[in-house]
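What follows is a short report on a single structure.
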Amino acid sequence: MTHRRDFLKTSLLAGSAVMLQPLAKSDAEPLGRIEISLAEWSLHRTIRGGKFTHLDFAAKAKEEYGISTVEYVNGLFGNSHTDFREAGQNPSYLKEMLTRSKDIGVANHLIMVDEEGPLASVDEKERLQAVENHKMWIEAAKFLECTTVRVNLHGEGNIDKKKEASIDSLIRLGEFAGTMDLNIVVENHGSDSSKGFWLASIMKEVGRHNVGTLPDFGIFCITQPWGTTQRECEEKYDRYMGIEELLPFAKGVSAKTYDFDANGEQPHMDYKRLIRLVKHSGFSGYIGVEYEGFNQPEDEGIRNTITLLKRYL
């Protein structure tokens, strides 16, 4: 590789002045290496319907979709007889997850954490309890040999006060996760967190190398608590501006898809444009398949999403 780089450098210097002109950004080759992972939320209807269990997810990702890196959802841990928090703290259950993923050759990459309290709450007691609640999932992620934990910045109150609260929560979680070499990422996930400029400003203030964003292509509805733009939405944040604002801090990307049209495209979003933004940002890492359609089978949606990503990547 070193000899090849030296050869290319020498060849360019020996060439014409035109060859030394920098490429325009729109023409440049992407700088980052992007790989595909599978988000467990893509199969939440199937899992909750009892057709297979959370413990089967890693094998399903590898054997049915050819994907060797997975992203878990904390609310899908356990089964209909076991509370997800109980499963997340059970060493035997976590050991079984780790064993199964290793046996099949699947890397555990991320846990998405929901329902553990508002990290952006202006009520300090409520917020600090939420910080404590999230720590068990950081510990679970470490046990499972993940690299990242995804959190949300939900909470009621004045937007500026919520920003202050969010910064404090993320610094606390970032410090805790840093002792385990784990990343904390925030997804745009409704309300103020779907405002790209707001979340980006929080990242600048937090200023930790292990705290970043998980830009989600679909979650830009400000007037819904979970932000999906598949449903009707009174107030939306500009999807493409939001993605561009969040990408400089991205430690992962969520390739959200909804029901597909006859051409295998997304009626609600310009996927070619979204992938171009990701590539030209220089992003390196995993882009997670996250199908969330209402009217098409989850298996079909996952396969269509993989095809769509490969089309533009």
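Of all residue pairs spaced 6 or more apart or on separate chains, those with beta-carbon atoms under 7 Å, a first member in segment 260-276 that is over 14 Å from Thr229 (Cα atoms) and a second member that is of a type in the set (Phe, Trp, Tyr) and part of a loop (DSSP other than H, G, I, E, B) are Leu274/Phe217.
Of all residues in segment 149-162, those that are in a helix (DSSP H, G or I) and surrounded by fewer than 18 Cβ atoms within 10 Å (Cβ to Cβ) total 3. For Asp216, the conditions (1) over 21 Å from Lys256 (Cβ atoms); (2) in contact with a Lys or Arg (Cβ under 8 Å, 6 or more places away or on another chain); (3) among the charged types (D, E, K, R) are fulfilled apart from (1).
For Tyr286, the criteria (1) out of contact with any Phe, Trp or Tyr (no Cβ under 7 Å at 6 or more places or on another chain); (2) under 22 Å from Lys62 (Cα atoms); (3) surrounded by fewer than 19 Cβ atoms within 10 Å (Cβ to Cβ) hold in every case but one, which is (3).
One line per residue, one yes/no per condition, for (1) of a type in the set (Lys, Arg); (2) farther than 21 Å from Ser121 by Cβ; (3) more than 14 Å from the chain's Cα centre (by Cα):
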position: Leu182; (1), (2), (3): no, yes, yes
position: His189; (1), (2), (3): no, no, no
position: Val206; (1), (2), (3): no, no, yes
position: Val211; (1), (2), (3): no, no, no
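Selection of segment 166-191 for residues being in a helix (DSSP H, G or I) and either open to solvent by 20 Å² or more (accessible area, probe 1.4 Å) or touching a Ser or Thr at 6+ places or on another chain (Cβ under 6 Å) (or both) yields Ile167, Asp168, Ile171, Arg172, Glu175, Phe176, Gly178, Ser191.
In segment 221-228, the count of residues that are on the phi > 0 side of the Ramachandran plot, touching a Phe, Trp or Tyr at 6+ places or on another chain (Cβ under 9 Å) and touching a residue at least 24 places away in the same chain (Cβ under 8 Å) is one or more. The residue of segment 224-275 that is surrounded by the fewest Cβ atoms within 10 Å (Cβ to Cβ), among those that are within 15 Å of the chain's Cα centre (by Cα) and hydroxyl-bearing (Ser, Thr, Tyr), is Thr228. The number of residues in segment 78-94 that are in a helix (DSSP H, G or I), closer than 25 Å to Ile67 by Cα, of a type outside the set (A, V, I, L, M) and without any contact (Cβ under 8 Å) to a residue 40 or more places away in the chain comes to 2.
Exactly one residue among Ala58, Ala107, Ala39 is closer than 22 Å to Glu145 by Cβ and surrounded by fewer than 22 Cβ atoms within 10 Å (Cβ to Cβ), and that residue is Ala107. Among the residues making up segment 184-224, a single one is of a type in the set (Lys, Arg) and under 12 Å from Leu153 (Cα atoms): Lys195.
This table checks each residue for (1) assigned to a loop (DSSP other than H, G, I, E, B); (2) open to solvent by 80 Å² or more (accessible area, probe 1.4 Å); (3) without any contact (Cβ under 8 Å) to a residue 24 or more places away in the chain.
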site: Glu96; (1), (2), (3): no, no, no
site: Thr99; (1), (2), (3): no, no, yes
site: Glu116; (1), (2), (3): yes, no, no
site: Ala141; (1), (2), (3): no, no, no
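Looking at (1) at pLDDT 50 or above; (2) under 23 Å from the mean Cα position of the chain (by Cα), can you tell me which one Pro30 breaks? The number of the failed condition is (1). The single condition among (1) open to solvent by 10 Å² or more (accessible area, probe 1.4 Å); (2) touching an Asp or Glu at 6+ places or on another chain (Cβ under 7 Å); (3) modelled with pLDDT of 95 or more that Phe294 does not meet is (3). Candidates in segment 118-136 are the residues that are outside any helix (DSSP H, G or I) and either open to solvent by 50 Å² or more (accessible area, probe 1.4 Å) or hydroxyl-bearing (Ser, Thr, Tyr) (or both); of these, the one that is nearest to Val149 (Cα to Cα) is Ser121.
The values are calculated or read from the model by the stated rules, or taken from the named source; none is laboratory data. Quantities reported herein were computed from a predicted structural model and do not represent experimental measurements. Here Cβ is always computed from backbone atoms with ideal geometry, including for glycine, and neighbour counts include all displayed protein chains. For the accessible areas, the whole protein counts, side chains as well, though only heavy atoms, and no ligand, DNA or RNA atoms are used. Shrake-Rupley method; radii C 1.70, N 1.55, O 1.52, S 1.80 Å.
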